[in-house]
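The block underneath contains the structure these notes are about, expressed in structure tokens.
The values are calculated or read from the model by the stated rules, or taken from the named source; none is laboratory data. Quick caveat: nothing in here was measured; it's all calculated off a predicted structure. Here the Cβ positions follow ideal geometry from the backbone for every residue, glycine too, while neighbour counts run over all protein chains shown. What goes into the accessible areas is simple: the full protein's heavy atoms, side chains included, and nothing from ligands, DNA or RNA. Shrake-Rupley method; radii C 1.70, N 1.55, O 1.52, S 1.80 Å.
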Amino acid sequence: MTCRPDRVSHGFPIHSPRGRVAGGDQSDQPGGQDPDERATARGVLSLQCGIERLRKAPSWSLALLAVTFAVAFVMAPPLLAPRRPGAAFTSEPALADAVQKAVAGYWQGGVREFPPALAGLVDYWTRYHLVKSVTAALLLIVLVALAVRAGRRPVVASLAAVPALFAVALVMANVQGVVAPFASLLPLVAGAGSLEPARQDLAGSLASGSPAAPAVEVMVADFALYHVAMVAIAAVVATALAAVSWWIRRRSADLPGRRWWFVTSAAMSLLVAVVAVANASTAADPAPALLAFLNGGW
């Protein structure tokens, strides 16, 4: 069968959820097939074709794709994140300097709402991590395909799986940055003078039990969201790895390197579950953890 999603509307027999044949004889369906059903059928076939092409792709092409996505992970975000051409930051120190000034202005404002400078940086950082998340996910797919391809040889599979596991961590960290971009920006100015007033206010608030300044309350809330996001992300990844481990154990007797894949996926599931638990404890009481971070202990 030739992988051609456009054939859905020209007689390709994909069954729709309503039990009718999508793209086949529509003589008993007045007005032809529902456009939404046709679009869904095309999407399903496109995904099937993509998986089939990836499975049959030669190893050298997968390696080339991996290198391409790795380069894109580093190079694409500064180019695609700015809303205006030429507005990208030329270096991390330049971004850190802009964040330090914006945070200082935020503190002086005495309100919860971000000033325009900081709001623009948070928006930039969201898009920056979104681009990184997409490129890291694409890199992960290719690396997993390479690792599975090398599954017959455990040593080679191990070497191929290490970058794949690293890509999983990259996806998790960057999705976390998309969800809580303000908290993700703070490490860029850790130890800088612009955060010292916030540190003093938070320390005084925790010692006396009095309310913190509005800006500090926002920092604490976003810091909590930052860790809640990782709890959710890690729970999803741990569950997926556990499901893969169970499938390998129970359903894939013919999988090359089956025992190695089972042990690896099970161990990674446990490790990611530990990450979820650690972040849950921080999310439950974020203020002391934020103070530790501002003191340089995180």
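So if we plug the beta-carbon distance of residue 83 and residue 271 into 1/(1 + (r/R0)^6) with R0 = 41 Å, what FRET efficiency do we get, rounded to 0.05?
FRET efficiency, residue 83 to residue 271: 0.60.
For the range 88-148, the Kirkwood radius over C-alpha pairs fed into Stokes-Einstein at 4 °C and 1.567 mPa s yields D = 94 µm² per second.
Taking 0.36 nm per residue of sequence separation and subtracting the Cα-Cα distance, how much length would be gained by fully extending the chain between residue 200 and residue 284, in nm to one decimal?
That works out to 28.1 nm of additional length.
Under 5 Å from the amide H of residue 295 lies no amide H of any residue 5 or more positions distant or on a separate chain, with H modelled from the backbone and absent for Pro and chain starts. Centre-to-centre, using Cα atoms only, the range 258-298 and the range 168-213 are separated by 18 Å. Here residue 69 sits with roughly 40 square angstrom of accessible surface, probe radius 1.4 Å. Computed on the range 180-242, with alpha-carbon pairs under 8 angstrom and 6+ residues apart, the relative contact order is 42 percent.
Assuming R0 = 35 Å, what is the FRET efficiency of residue 190 and residue 162, from their Cβ-Cβ distance, to the nearest 0.05? The value I calculate is 0.75. Taking each residue as 0.36 nm, the span from residue 221 to residue 74 lengthens on full extension beyond its C-alpha to C-alpha distance by 50.0 nm. Heavy-atom accessible surface of residue 246, to the nearest 10 Å², is about 120 Å², with a 1.4 Å probe and all protein chains retained. As a ratio to 2.2 N^0.38 Å, the alpha-carbon radius of gyration for the range 172-298 is 1.39.
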